[in-house]
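The values are calculated or read from the model by the stated rules, or taken from the named source; none is laboratory data. Everything quoted here is computed from the prediction, not taken from an experiment. Counting neighbours? That spans all protein chains shown, and the Cβs are built from the backbone with ideal geometry, glycine included.
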Amino acid sequence: MSAVAISSGGNEGELAFALAKDARRERWVMLALTIPGIFVVAGVLLSPVGWLIWQSLVDEGGHLTLHHYLTLFTEPKRLSYLLNTFLLSAEVTTICSLLAYPLAFALTTLSERLRKLCMFFVVVPLLTSVLVRTYAWLIILGRRGIVNNVLTNLGVINEPLDLVYNYFCTVLGMVHVMMPMMVLPLFAAMKSIDGDLARAASSLGATPSAAFRDVFLPLTLPGLFAGATLVFVLSLGYYVTPSILGGGKVIVWAIFLEQTVSFNTQWGPAAAAGLLLLAATVSALILARVVVGVKAHQPTL
Amino acid sequence: MSRDTEYISRWHRAWLYVLLSALLAFLAAPIFVVIPVSFSNTSTLQFPPQALSLQWYDRLFSSARWASSAYNSLLAAVLTVCFTIPFGTMAAYGLNSIRSRAGKLISASLMLPLVVPLILIAIGLYFLYARLGLINTMTGLVAAHTMYTLPLAITLIAAGFKRFDQNQEMVARSLGANRFKAFLTVTLPQVKFSILSACFLTFIASFDEVVIALFVSGGPNATLPRQMFNQLRNSIDPTIAAISTLLIALALMVFAAMQLLKSHEA
């Protein structure tokens, strides 16, 4: 920019032209800086997904067909996997919301120092491998785990209970994995609320519960929806926790996908199933954006 | 902040703190449970362990398979940082000064890895890599992890650029520094904490990534999470607890580093 301004003396039109050209070049340079990133996303994300789209639309003979998509809805077994996945995601999202809300709220009432200490327990799990967090539940709920030990010692039970490798354990494990991702946006939303508003409400005669319900809660809803959308969408495609804690009894969509590929190498059905998952994810994100104006984002710590 | 919530009664407050402690304990459960079990002297997952021993760490460190998978994960994570951070910094810098529609489109497409389910990407890559001969190679894994960590790095670094006054770089350039030198000497020192935190998070995200690694890393190039995942489905002896303890230590180190960076930034 500077070089142009110095060199082109002379008439003003020439200068304006040179500046415009310079600004244009500047824009191109800035666009060019994003090329490596775009290149990576195109090569490692768009091309495999594009290939899957193609596979989902052709049969073995290479003819165009919607067969793979139609069988997803006509085979009762597949339909039940799909419905189970939605149900599981909805349950996980609901439980996470109910637990994360009071947690985030309690955090806002703490002093700065105490809050930092508590945040440690929210953020460290987020940085810890999902496998570690899943394994922990095998120790807690396993046949010789804490729960069974305590119950046996208290004489409540004689034989250890089978608490792992089932639906309940899967929900528990997923709630545990997803919770921090709900707490962080909620906490951010709550912290930005002017505390004077609720105090004003109570000084004007509102009961604590009315002040909470009519003033505080509505202001925190965007944060709640942002967290809920994120958790729901991540749960829809979640693989690790259900496949370890479900013990083969909980077949979610991602497990069904993996099995279709690794046992039968059926690319068409697997591709169609995967794209249905993508469509569900994108619809949920768009819905959240249109209906409640929420932009769901991965928390960035 | 605490004075802003006087309208909550004392009893409610007491309940709230009981609930808070319970929920924090729930979140931190793995830390409380996995670490003691890793020092257990029996092969069953007994909690609390009856006696302490270091046998699982001994077994872990003497196993060639665990050592090689740990090495692979480390290498993959370091290489991923080497690609993600420069690419992410360039993209964040570029996008910071583009206000056009094209800029929005580019920025949205760079965030795609957060939107597309990981399992779908992994399956697509499994096939694509098989065709290209990239399956079970470090190249393939690092490419995939670069894609996976890019949105995170861009978001963090972009936040750094947003706080930086762009005019400072213009001043440096008008005083004779070329663009690159102006960036290195004026801009970079002011966003270095954002870039460093992006480095740490990229590293740990790649190191702990499971789903893509399950499909595209294997054989001699299997990563630690892949090895762990397979082991978890077969036997769950305390060797896993020993690795888990080391992974928790890694998470704690990253957390400490991030806190340190945050305090520098402020």
### Task
Test B:Leu128 against the criterion of being farther than 23 Å from B:Leu74 by Cβ, buried (at least 21 other Cβ atoms within 10 Å of the Cβ) and without any contact (Cβ under 8 Å) to a residue 12 or more places away in the chain, and give yes or no.
yes
### Summary
For region A:36-52 the number of residues that are exposed (fewer than 15 other Cβ atoms within 10 Å of the Cβ) and closer than 22 Å to A:Thr65 by Cβ is 1
### Task
Within region B:181-194, identify whether any single residue is within 12 Å of chain A (Cβ to nearest Cβ), surrounded by fewer than 22 Cβ atoms within 10 Å (Cβ to Cβ) and assigned to a helix (DSSP H, G or I), and answer yes or no.
yes
## Note on the structure
Checked against (1) farther than 22 Å from B:Ile204 by Cβ; (2) of a type in the set (A, V, I, L, M); (3) within 11 Å of chain A (Cβ to nearest Cβ), B:Ile135 satisfies every condition except (3)
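Among B:Asp165, B:Asp208, which is the only one that is touching a Leu at 6+ places or on another chain (Cβ under 8 Å), among the acidic types (Asp, Glu) and closer than 25 Å to B:Lys262 by Cβ?
From the options B:Asp165, B:Asp208, the qualifying one is B:Asp208.
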### Query
If only one of B:Leu114, B:Leu141, B:Leu110, B:Leu120 is within 30 Å of A:Phe232 (Cβ to Cβ), facing chain A (nearest Cβ under 9 Å) and in contact (Cβ under 8 Å) with a residue 40 or more places away in the chain, which one is it?
B:Leu110
### Task
Select from region A:54-70 the residues that are loosely packed, with under 15 Cβ neighbours inside 10 Å and closer than 17 Å to A:Gln259 by Cα and list them in ascending order.
none
### Query
Can you name the residue in region B:21-42 that is small (Gly, Ala, Ser) and under 15 Å from B:Ile236 (Cβ atoms) and is also farthest from the chain's Cα centre (by Cα) among such residues?
B:Ser40
### Message
Can you say whether B:Ala153 is touching a Cys at 6+ places or on another chain (Cβ under 9 Å), crowded, with 19+ Cβ neighbours inside 10 Å and within 10 Å of chain A (Cβ to nearest Cβ), as far as the supplied structure shows?
### Response
yes
### Query
Of everything in region B:82-103 that's surrounded by 23 or more Cβ atoms within 10 Å (Cβ to Cβ) and among the β-branched types (Val, Ile, Thr), which residue is nearest to B:Phe229 (Cα to Cα)?
B:Thr84
### Query
Does B:Gln259 satisfy the condition of being assigned to a helix (DSSP H, G or I), modelled with pLDDT under 95, under 24 Å from the mean Cα position of the chain (by Cα) and crowded, with 17+ Cβ neighbours inside 10 Å?
no
### Query
Got a sec? Which of B:Leu214, B:Leu224, B:Leu184 is free of Cβ contacts under 8 Å to residues at least 60 places away in the same chain and at negative phi?
B:Leu184
### Task
Filter the helices (runs of 4 or more DSSP H) completely within region A:194-285 down to those with at least 3 residues that are within 12 Å of another protein chain (Cβ to nearest Cβ), in contact with a helix residue (DSSP H, G or I) (Cβ under 6 Å, 6 or more places away or on another chain) and more than 19 Å from A:Leu98 (Cα to Cα).
A:195-203, A:240-245, A:253-264
### Task
Go through the residues of region B:157-174 one by one and say whether even a single one is of a type in the set (Ser, Thr, Tyr), surrounded by fewer than 20 Cβ atoms within 10 Å (Cβ to Cβ) and assigned to a helix (DSSP H, G or I).
yes
### Task
Considering only region A:90-179, give the helices (runs of 4 or more DSSP H) lying wholly within it that have at least 3 residues that are at pLDDT 90 or above and surrounded by 21 or more Cβ atoms within 10 Å (Cβ to Cβ).
A:112-127, A:130-141
